[in-house]
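Data block below; observations after.
Nothing in this text is a laboratory measurement; each read-out follows from the coordinates by a stated rule. Here the structure is a predicted model, which is why all the values come from computation and not from measurement.
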């Protein structure tokens, strides 16, 4: 069991490193990409962030909860981020809701 876990961790680390190490080899070709592909690629970071950030708001204590302080804080922070485009204001707004109602 333990060796399987370590092999999985090492293979994952090597593959992650390989993906990051190969990117600079092809970075100079980014100018050849079509505008449509560039648009799609620009959507990947926000989608990845949403995939990491949203589940904890909706699955509080392992249960799907649409009405909770965490969801309210996430909605307020999302609105502030959308209107201000300011990361510090977003964090402060989200934490303020958590502190006020949590």
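Tabulated data for the structure shown
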{"read-out": "Length-normalised contact order of the chain in % [C-alpha pairs under 8 Å, at least 6 apart]", "value": "16"}
{"read-out": "Segment residue 68-residue 95, extension gain: residue separation times 0.36 nm, minus the distance between their alpha carbons", "value": "8.3 nm"}
{"read-out": "Helix-derived mean residue ellipticity, 222 nm - over the chain, DSSP H n ≥ 4, -39500 (n - 2.57), to 500", "value": "-25500 deg cm²/dmol"}
{"read-out": "Relative contact order computed over segment 46-102 (Cα-Cα under 8 Å; 6+ residues apart), in percent", "value": "28"}
{"read-out": "Gaussian network model of the chain, springs between alpha carbon atoms under 10 Å - residue of 24, 55, 35 with greatest fluctuation", "value": "24"}
{"read-out": "Cα shape, the chain, gyration tensor, a/c 1.5 rule", "value": "oblate"}
